[in-house]
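Student: Got a structure here, written out as structure tokens. Questions coming.
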Amino acid sequence: MRAFAARPAPGRTGRPFLLALAYAHPDEVDPASPGGLGYYFGRDIVVHPVTEPDQAEWPIWLPPGDWVDVWEPSQTLPGGSHVVDVRSITVPAFVRVQAAKKRLGM
């Protein structure tokens, strides 16, 4: 994720580095649902913490656009609600496809 961390400081852009999806997209995300716990990590990464133990799947919501799974780059998802397998990963994290192509040469 280091390649995505080189962004302008929040003081210059006015946007916090960590931003709850429910705050950024209040009409599309239910903050009371497990998918509502997601947040932006910078502008191009979305992270969804899994807050319950021993889960096999976890509901997430991704902003509009196409997103690639950080841990499994062959998996791309469109924006919207999804249920992802969380048995083999620490935390679901997704990068905008455009940012991944630009920064990682994908």
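Taken together, the values in this text are just the output of simple stated rules run on the coordinates, not laboratory data. Computed from a predicted model, the values in this text were never measured in an experiment. Virtual Cβ from ideal backbone geometry, glycine too; neighbours counted across all protein chains shown.
Student: Report the residue count in the range 88-99 for those that are in a strand (DSSP E or B) and among the small types (G, A, S). Before the answer, list the steps.
Tutor: As a first pass, look at the range 88-99 and keep what is in a strand (DSSP E or B): 93-96.
This time we only want the ones that are among the small types (G, A, S), so: 93.
Here the count works out to 1.
Student: Please work out which residue is farthest from H25 (Cα to Cα), limiting yourself to the range 42-87 and to residues that are assigned to a strand (DSSP E or B) and of a type in the set (S, T, N, Q). Explain how you work it out, then say what you get.
Tutor: Within the range 42-87, the first condition is being assigned to a strand (DSSP E or B), and the residues that meet it are 45-47, 57-69, 76-85.
Keeping just the survivors that are of a type in the set (S, T, N, Q) gives 76, 81.
Details: T76: 21, S81: 13 Å.
For the range 42-87, the residue satisfying everything is T76.
Student: Of all residues in the range 11-31, count the ones that are surrounded by 19 or more Cβ atoms within 10 Å (Cβ to Cβ) and in a loop (DSSP other than H, G, I, E, B).
Tutor: The qualifying residues number 1.
Student: Collect the residues in the range 32-41 that are in contact (Cβ under 8 Å) with a residue 12 or more places away in the chain, in a loop (DSSP other than H, G, I, E, B) and surrounded by fewer than 19 Cβ atoms within 10 Å (Cβ to Cβ), keeping them in residue-number order. Can you show your working first?
Tutor: Taking the range 32-41 as the starting set, the residues that turn out to be in contact (Cβ under 8 Å) with a residue 12 or more places away in the chain are 33-41.
From what's left, in a loop (DSSP other than H, G, I, E, B): 33, 38.
Within the range 32-41, S33 is the sole residue that qualifies.
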